[in-house]
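A.B. asks: This structure is in structure tokens; I'll ask about it shortly.
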Amino acid sequence: MEKEKKVLFSGMQATGNLTLGNYLGALKNWVTLSDEYECYYSVVDMHSITVRQDPAVLRKRARALLTLYIAAGIDPEKNCIYYQSHVSGHAELAWILNCFTYMGELNRMTQFKDKASKHADNINAGLFTYPVLMAADILLYQADVVPVGIDQMQHLELTRDIAQRFNAIYGDVFTVPEAYIGKVGAKIMSLQDPTRKMSKSDENPNASIYLMDDPDTIRRKCKRAVTDSEAQILYRPEQPGVKNLLDIYCACTNKTPEEAVREFDGCGYGQLKEAVGEAVVGVLSPLQQRVRELEKDKAYIDGVIKMNAEKAAYTANKTLRKVQKKVGFPERIR
Ligand code: TYM
């Protein structure tokens, strides 16, 4: 049967303080795409425990992230916003897909290598099979499209390979998903080292703008951003610091890099940094205000969590039962 609307799936980890990179690379596009697709937006708390977490902090951050999805403009009546851990199908499908994924494929994942080097005292099997759980997330909902930042591309390629491998053996079981990468903002770089991505886990707080930073902090971080000595505002890879500031500016103002370069013609870096700071404040301040208002309405958020977990589980179970049957698990007796 033809699906009425194409399906979109994406998720974010409730680990650390979310950065402007998470917002501009992912969340902002989620909002734009939410009318066009049937959307599932998950708070991927199961992925979070691949790194040690304080349970109380994780619970709090997971709820804050779910609230942020709504505050950003995703309507929970029309879209399914839920916690990954509330739908057991994610873990069940991940186990099956583990049996269709090769060690060699997982060994090549750059995020695994990176995280393993950062957490050398805890290189657990979950960290290694993390991309398989991500594939299960996506394939459970038969997603057509997955909006992510560039750093998740390798995981998405693996998801496609697993889906195609499974389909080649058992017939058309999974939709093979496509990545959706935004035109600007797909890779926001560190403000202190523009050759590295802006990351929640950066030890230097000046490297990242956090979504809940106050306006003065945002302005100060922009002012301190590393640029170069070229003294010209052009959008080109030879000037990664300036390019990153222009990317942030464009993603916040919905302008193109060409428009921005024209606008800053003849300006100094100080003026550019000031304009970027104001553009970011203009986006984040109203978002923070909505988060604070929503946080007060406990009953509303609780209602969203309950209703959407049921909806997600219903869809997930349909795929899961089909997959279980295909691989030969005995039928349930009712
Ligand atoms: P996570 O939680 O690290 O990041 C969430 C989203 O933010 C994007 N992102 C960025 N985009 C641009 N510039 C940056 N500096 C930047 N930093 C992060 C990420 O690309 C991502 O889209 N494994 C995923 C979560 C996940 C998932 C999924 C995503 C689990 N299951 C299924 C999509 C579909 C992750 O750790 O993202």
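A.B. asks: What accessible area per residue comes out for the range 29-102, rounded to a whole number of Å², with a 1.4 Å probe? Kindly include the intermediate steps, with their values, before the conclusion.
C.D. replies: On the way: 3190 Å² over 74 residues.
Ligands and nucleic acids excluded, the result is 43 Å² per residue.
A.B. asks: Where the centroid of each part is defined by its Cα atoms, how far is the range 34-52 from the range 118-168 in Å?
C.D. replies: 12 Å
A.B. asks: Here is a further query. On the first, second and third principal axes, largest extent first, how far apart are the outermost C-alpha atoms of the range 161-273 in Å?
C.D. replies: 60, 32, 24
A.B. asks: Let me ask something else about it. Given Cα pairs under 8 Å that are at least 6 residues apart, what percent is the relative contact order of the chain? Provide the component values of the computation, followed by the final result.
C.D. replies: Details: 487 pairs, mean separation 73.1, N = 334.
Worked out over the chain, it gives 22 percent.
A.B. asks: Let a ≥ b ≥ c be the square roots of the eigenvalues of the Cα gyration tensor of the range 1-94; is it rounded (a/c under 1.5), or, if not, prolate (a/b larger than b/c) or oblate? Intermediate results must be reported in sequence, preceding the final value.
C.D. replies: Working: a/c = 2.15, a/b = 1.34, b/c = 1.60.
Oblate.
A.B. asks: Still on this structure: Just the number, please: carbon plus sulfur as a percent of the accessible area of the chain, 1.4 Å probe, no ligands or DNA/RNA counted. Provide the component values of the computation, followed by the final result.
C.D. replies: On the way: 8580 of 16430 Å².
With neighbouring chains kept in place, the figure for the chain is 52 percent.
A.B. asks: Let me ask another. Computed over the Cα atoms, what is the radius of gyration of the range 255-334 divided by 2.2 N^0.38 Å, N being its residue count? Present the calculation step by step, with values, prior to reporting the outcome.
C.D. replies: Numbers: Rg = 25.0 Å, N = 80, 2.2 N^0.38 = 11.6 Å.
For the range 255-334, the normalised Cα radius of gyration comes out at 2.15.
A.B. asks: Going highest first, how would you order 7-17, 52-62 by mean Cβ packing within 10 Å? Don't skip to the answer; put the middle values down first.
C.D. replies: Details: 7-17: 21.2, 52-62: 13.5.
Result, highest mean Cβ count within 10 Å first: 7-17, 52-62.
A.B. asks: Express the Stokes-Einstein translational diffusion coefficient of the chain in µm² s⁻¹, to the nearest whole number, given a Kirkwood radius over alpha-carbon pairs, 4 °C and a viscosity of 1.567 mPa s.
C.D. replies: Working: Rh = 21.1 Å.
Result for D is 62 µm²/s.
A.B. asks: Now, a different point. Considering the options Leu68, Thr15, Tyr40, tell which one lies farthest towards the positive end of the dipole of the range 14-86, charges being +1 on Lys and Arg and -1 on Asp and Glu at the Cβ, about the Cα centre.
C.D. replies: Checking the options against the dipole of the range 14-86, the answer is Thr15.
A.B. asks: Rounded to the nearest 20 debye, what is the charge dipole size of the chain about its Cα centre when +1 sits on each Lys and Arg Cβ and -1 on each Asp and Glu Cβ? Show your work: numbers first, answer last.
C.D. replies: Working: 44 positive and 42 negative charges, 180 e Å.
Here the size comes out at about 860 debye.
A.B. asks: Pop a pseudo-label 7 angstrom from the Cα along the beta-carbon direction at both Lys306 and Gln289 and give the gap in nm to one decimal.
C.D. replies: Here the answer is 3.2 nm between the modelled labels.
A.B. asks: What are the extents of the Cα atoms of the range 1-43 along their three principal axes, listed from largest to smallest and rounded to whole Å?
C.D. replies: 41, 17, 10 Å, listed from the longest principal axis down.
A.B. asks: Still on this structure: Pairs of Cα atoms under 8 Å, at least six residues apart: use those to get the relative contact order of the range 154-226, whole percent. Before the final figure, lay out the partial values.
C.D. replies: Working: 56 pairs, mean separation 15.6, N = 73.
Relative contact order of the range 154-226: 21 percent.
A.B. asks: A follow-up question, please. Peptides 166-173, 254-261: what's the order by average Cβ count within 10 Å, highest mean first? Before the final figure, lay out the partial values.
C.D. replies: Values: 166-173: 12.8, 254-261: 15.1.
Highest to lowest by the protection proxy: 254-261, 166-173.
A.B. asks: Between the range 264-320 and the range 189-236, how many Å separate their Cα centres?
C.D. replies: The distance from the Cα centre of the range 264-320 to that of the range 189-236 comes to 20 Å.
A.B. asks: So, with +1 on the Cβ of K and R and -1 on the Cβ of D and E, and no other charges, what is the size of the charge dipole of the range 23-131 about its Cα centre, to the nearest 20 debye? Working shown, then result.
C.D. replies: On the way: 11 positive and 11 negative charges, 104 e Å.
The calculated dipole for the range 23-131 is roughly 500 debye.
A.B. asks: Please give the peptides 125-132, 96-103 ranked by average Cβ packing (other Cβ atoms within 10 Å per residue), highest first, as a rough proxy for protection. Could you put the intermediate results ahead of the total?
C.D. replies: On the way: 125-132: 19.2, 96-103: 15.2.
Descending mean neighbour count gives 125-132, 96-103.
A.B. asks: Run the quick spin-label model on Ser201 and Trp95: label points 7 Å from Cα toward the beta carbon, then report their separation in nm to one decimal.
C.D. replies: Taking the simple label geometry, Ser201 and Trp95 are separated by 2.8 nm.
A.B. asks: Please list, or write none, the aspartates and glutamates whose alpha carbon is within less than 16 Å of the alpha carbon of Lys78, excluding same-chain residues fewer than 8 places away.
C.D. replies: Glu4, Asp35, Glu36, Glu38, Glu310
A.B. asks: Among Gln192, Pro177, Thr110, pick out the residue whose Cα is farthest towards the positive end of the charge dipole of the range 78-197, where Lys and Arg carry +1 and Asp and Glu carry -1 on C-beta, about the Cα centre.
C.D. replies: Gln192
A.B. asks: Would you compute, from DSSP H runs of 4+ residues alone, the mean residue ellipticity of the chain at 222 nm, taking -39500 (n - 2.57) per run and dividing by the full residue count, rounded to the nearest 500? Mind showing how you got there, number by number?
C.D. replies: Details: 13 runs with 173 residues, N = 334.
Mean residue ellipticity at 222 nm (helix-derived): -16500 deg cm²/dmol.
A.B. asks: In addition: Compute and list, largest first, the equivalent-ellipsoid semi-axes of the range 140-190 from the alpha carbon gyration tensor, each √(5λ) rounded to a whole angstrom.
C.D. replies: Working: eigenvalues 137, 22, 8 Å².
Taking √(5λ) for each eigenvalue gives 26, 10, 6 Å, largest first.
A.B. asks: Filter Lys28/Lys273; Lys6/Lys255; Lys187/Lys223; Lys6/Lys197; Lys60/Lys296 down to the pairs with a C-alpha to C-alpha distance above 24 Å, please.
C.D. replies: Details: Lys28/Lys273 22 Å; Lys6/Lys255 28 Å; Lys187/Lys223 20 Å; Lys6/Lys197 31 Å; Lys60/Lys296 14 Å.
Flagged as over cut-off: Lys6/Lys255; Lys6/Lys197.
The values are calculated or read from the model by the stated rules, or taken from the named source; none is laboratory data. Keep in mind it's a predicted model, so treat the numbers as computed, not measured. Neighbour counts run over all protein chains shown; Cβ positions are idealised from the backbone, glycine included. Just the protein is used for accessible areas: all its heavy atoms, side chains included, with ligands, DNA and RNA removed. Shrake-Rupley method; radii C 1.70, N 1.55, O 1.52, S 1.80 Å.
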